[in-house]
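Structure first, commentary second.
Derivation of every value follows stated rules applied to the coordinates shown; laboratory data play no part. All values derive from a computational prediction rather than experimental measurement. Reconstructed Cβ throughout: ideal geometry from the backbone, glycine too, with neighbour counts over all protein chains shown.
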Amino acid sequence: MKAEPERVDQALQDLAASYEDPQQVVEYYKSNPQAMASLESMVLEDQIVDRVLEQARVTEEQKDFDSIMNPPKETQESEQDND
């Protein structure tokens, strides 16, 4: 998976907009591969989070406080085995 160029450009524009001279910030990032790689990594991370959230399935369960704080011993042991 690679960072989408459109999203990288948008992130750069958003970042640069907060500076007094946005064009200078854009030029700095475009001329500095290390800075651009950092920005691309941030965008890629956002893309991955978006993808995970799109594919996630949430199932709500009603539980009382005591059952969460004091699960049965069997549940605790099986959760520790999974770690």
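When the stretch 21-45 is filtered for residues that are loosely packed, with under 13 Cβ neighbours inside 10 Å, part of a helix (DSSP H, G or I) and of a type in the set (Asp, Glu), the ones remaining, listed by number, are Glu27, Glu45. Note on the stretch 1-20: residues that are assigned to a loop (DSSP other than H, G, I, E, B) and either in contact (Cβ under 8 Å) with a residue 40 or more places away in the chain or surrounded by fewer than 10 Cβ atoms within 10 Å (Cβ to Cβ) (or both) total 6.
Taking only pairs six or more apart or across chains, which ones have beta-carbon atoms under 6 Å, a first residue in the stretch 24-43 that is over 12 Å from Asp9 (Cα atoms), and a second residue that is assigned to a helix (DSSP H, G or I)? Pairs found: Val25/Ala16; Ala35/Tyr29.
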